[in-house]
């Protein structure tokens, strides 16, 4: 926990910005619901640390604390055996686990799954998740939610590693080849994070940062690439026009062309408006909050004439 606070203290503005993007879709306004986002050490720092587990007696009631690497390296879940209540924190959020966040530090879904299985072994009757409503006096449902979520994460990890082991293709190809598990369960819908992002986090842990494309190892500035492609294609307006044609049936490809158009002509208001409209539309099609807000940010950046920064 102390290490996480130290990381926040080293990059407070960065963390405020990425959280603003994640929740509000605006990097020029580092707030959340009108409140300033602050990162660093808290006003009252922890006075007691534990490594694996810790048992506390509070007013004659026992609380068992267990460490688990989940959304953060210092996650804790709590079990009250006398009352058969489980407090999962953000290990359960009534949605696909936040194990793939594209802007945040490394997450480890394999350890997350272990923690979920350990919680299932408590046979708790009631569960208080980090987000969403509680489950009260329904031990079978509590256990099913925990085990379903663990299996979901384990499947993503195993399927991603299987593709990596098949000749270690470029990372961009790994993502496309992994068949994501599907679930109708209300607690495994991609309302916030999503399976594709979790795949990318598994790749990041096992495979490093390079995409595998030769030109990406030491790439040219994106603006240079964009200018060259625009010249070959008949100008930034031609790229944007083609993006608009593609958008109804291939939005993913359309957005690549839109990026290049904006990067080739960031001061052209017609290009800016066209790219903003494209990303506004893409954001409206997304189910997950993170993807929706990041595309909203792309739209806002386009209107300000700000292309995607160089890698």
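Points worth noting:
- Test: residue 77 is closer than 30 Å to residue 300 by Cβ, modelled with pLDDT of 95 or more and surrounded by 14 or more Cβ atoms within 10 Å (Cβ to Cβ): no
- Any chance residue 124 is crowded, with 19+ Cβ neighbours inside 10 Å, in a loop (DSSP other than H, G, I, E, B) and under 22 Å from the mean Cα position of the chain (by Cα): no
- Which listed residue is touching a helix residue (DSSP H, G or I) at 6+ places or on another chain (Cβ under 6 Å), modelled with pLDDT of 95 or more and farther than 28 Å from residue 23 by Cα, from 276, 227: 227
- If you check 271, 203 for being within 30 Å of residue 112 (Cβ to Cβ), in a helix (DSSP H, G or I) and touching a helix residue (DSSP H, G or I) at 6+ places or on another chain (Cβ under 6 Å), only one passes: 203.
- Checked against the criterion of being under 18 Å from residue 207 (Cβ atoms), free of Cβ contacts under 8 Å to residues at least 60 places away in the same chain and surrounded by fewer than 18 Cβ atoms within 10 Å (Cβ to Cβ), the candidates 144, 83, 176 yield just one match: 176.
- Check on residue 199, surrounded by 17 or more Cβ atoms within 10 Å (Cβ to Cβ) and in the same structural domain as residue 90 (by TED's automatic domain parsing): yes
- As for segment 58-67, it holds no residue that is outside the structural domain of residue 23 (by TED's automatic domain parsing), touching a helix residue (DSSP H, G or I) at 6+ places or on another chain (Cβ under 8 Å) and more than 26 Å from residue 141 (Cβ to Cβ).
- Only one entry in 261, 231, 298, 247 is surrounded by fewer than 16 Cβ atoms within 10 Å (Cβ to Cβ) and not assigned by TED's automatic domain parsing to the domain that holds residue 189, namely 231.
- Taking the conditions (1) touching a helix residue (DSSP H, G or I) at 6+ places or on another chain (Cβ under 8 Å); (2) in a helix (DSSP H, G or I); (3) more than 27 Å from residue 53 (Cβ to Cβ); (4) without any contact (Cβ under 8 Å) to a residue 60 or more places away in the chain in turn, residue 169 satisfies each one other than (2).
The values are calculated or read from the model by the stated rules, or taken from the named source; none is laboratory data. Everything numeric in this text was worked out from a predicted model, so none of it was measured. As a convention, Cβ positions derive from the backbone with ideal geometry for all residues, glycine included, and neighbour counts pool all protein chains shown.
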